[in-house]
Amino acid sequence: MYQSLTDEIVRDIERSSAPELRETRDIIARIHTRDIYKFVDEYILPADMASIANNACINEAKIVGYRSDNDDFVERDVLIDFCLIHYGMRRDNPVDRINFYSKYNTAEKFPISSGLISLCVPEKYEERIIRIFTRTPSKRGQIQGAARRLMEELSSRIVASSPSNSSAHITPNRGLTLPNNLPQSPVKRRRLDFSM
């Protein structure tokens, strides 16, 4: 069945007047007008903190629990994405599992350590990223502050429970920190001009 689905299904949903597809039509319309969720913050977790990258430790309700007194966002304003990126073998280097053949003896296969292939080999082969988005762009700063307070609390709990992890901290990307005086820009909607 899925082999026969094409992009035509999107057009079918847009043309449909079925009430059960109303929410889907609204989402597609928002995508077309680029009225999408706004990015708030990103955290790359150290490998020894991978155990907290789940919905039980980090979720919308917990971020709402770290609001300051002046914040007015709710759970519906917050979206969390847990992303795992690796080279196809989780923590293992995939090159270590590849056999190579000699140019002069094609019948002989042998492994080569990654240090002999290139000196630009990464130390780790997977990373876990937590990205936070909002449905309400005007509340980005509030959500970012609350999320950072939650992450700081989680970091200190992990360090307290295991002193060997004293260097492990969840730090946000400084380049993504919202300045305090950031103006709230309205959503730009493009209109096609056919008046020529």
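Being part of a helix (DSSP H, G or I) and touching a Leu at 6+ places or on another chain (Cβ under 6 Å) narrows it down to one of Ile9, Ile27, Ile13, so name that one.
On the way: Ile9 fails: touching a Leu at 6+ places or on another chain (Cβ under 6 Å); Ile27 fails: touching a Leu at 6+ places or on another chain (Cβ under 6 Å).
Sole residue among the options that is part of a helix (DSSP H, G or I) and touching a Leu at 6+ places or on another chain (Cβ under 6 Å): Ile13.
Residue by residue through region 1-20, note down the ones that are small (Gly, Ala, Ser) and more than 19 Å from Ile31 (Cα to Cα).
Start the filter on region 1-20 by keeping residues that are small (Gly, Ala, Ser), which leaves 4, 16-18.
Within region 1-20, Ser4, Ala18 qualify.
Here is a list: Tyr66, Tyr37, Tyr87. Which entry is farther than 20 Å from Pro172 by Cβ and open to solvent by 60 Å² or more (accessible area, probe 1.4 Å)? Give the derivation first.
Values: Tyr66 fails: farther than 20 Å from Pro172 by Cβ; Tyr37 fails: farther than 20 Å from Pro172 by Cβ.
Just a single option satisfies the conditions, and that option is Tyr87.
So which strands (runs of 3 or more DSSP E) stay within region 32-103 end to end and still have 3 or more residues that are touching a residue at least 12 places away in the same chain (Cβ under 8 Å)?
On the way: elements: 38-45, 78-86, 99-101.
Here the list reads 38-45, 78-86.
Quick check on my filter: what residues within region 113-142 are open to solvent by less than 50 Å² (accessible area, probe 1.4 Å) and among the hydrophobic types (A, V, I, L, M, F, W, C)?
Of everything in region 113-142, those that are open to solvent by less than 50 Å² (accessible area, probe 1.4 Å) and among the hydrophobic types (A, V, I, L, M, F, W, C) turn out to be Ile129, Ile130, Ile132.
Tell me, please, whether a residue that is closer than 30 Å to Pro172 by Cβ and open to solvent by 80 Å² or more (accessible area, probe 1.4 Å) can be found in region 10-22. Quick ask: steps written out before the conclusion?
Start the filter on region 10-22 by keeping residues that are closer than 30 Å to Pro172 by Cβ, which leaves none.
No.
Tell me whether region 120-127 contains one or more residues that are over 22 Å from the mean Cα position of the chain (by Cα), over 15 Å from Met49 (Cβ atoms), without any contact (Cβ under 8 Å) to a residue 24 or more places away in the chain and not in a strand (DSSP E or B). Step through it out loud before you land on a result.
Going through region 120-127, the residues over 22 Å from the mean Cα position of the chain (by Cα) turn out to be 120-121.
If we keep only those that are over 15 Å from Met49 (Cβ atoms) too, we end up with 120-121.
Adding the requirement that they be without any contact (Cβ under 8 Å) to a residue 24 or more places away in the chain leaves 120.
With not in a strand (DSSP E or B) added as a condition, the list becomes 120.
Checked against the condition, which is being over 22 Å from the mean Cα position of the chain (by Cα), over 15 Å from Met49 (Cβ atoms), without any contact (Cβ under 8 Å) to a residue 24 or more places away in the chain and not in a strand (DSSP E or B), region 120-127 yields at least one hit.
Have a look at Arg131, Arg140 and point out the one that is in contact with a strand residue (DSSP E or B) (Cβ under 8 Å, 6 or more places away or on another chain), touching a residue at least 24 places away in the same chain (Cβ under 8 Å) and not in a helix (DSSP H, G or I). So that I can check it myself, show each step before the final result.
Working: Arg140 fails: not in a helix (DSSP H, G or I).
When all the criteria are applied, what remains is Arg131.
The values are calculated or read from the model by the stated rules, or taken from the named source; none is laboratory data. Model, not experiment: these values are computed from the prediction. Cβ atoms come from the backbone with ideal geometry, glycine included; neighbour counts cover every protein chain shown. With ligands, DNA and RNA removed, areas are computed over all heavy atoms of the protein, side chains included. Shrake-Rupley method; radii C 1.70, N 1.55, O 1.52, S 1.80 Å.
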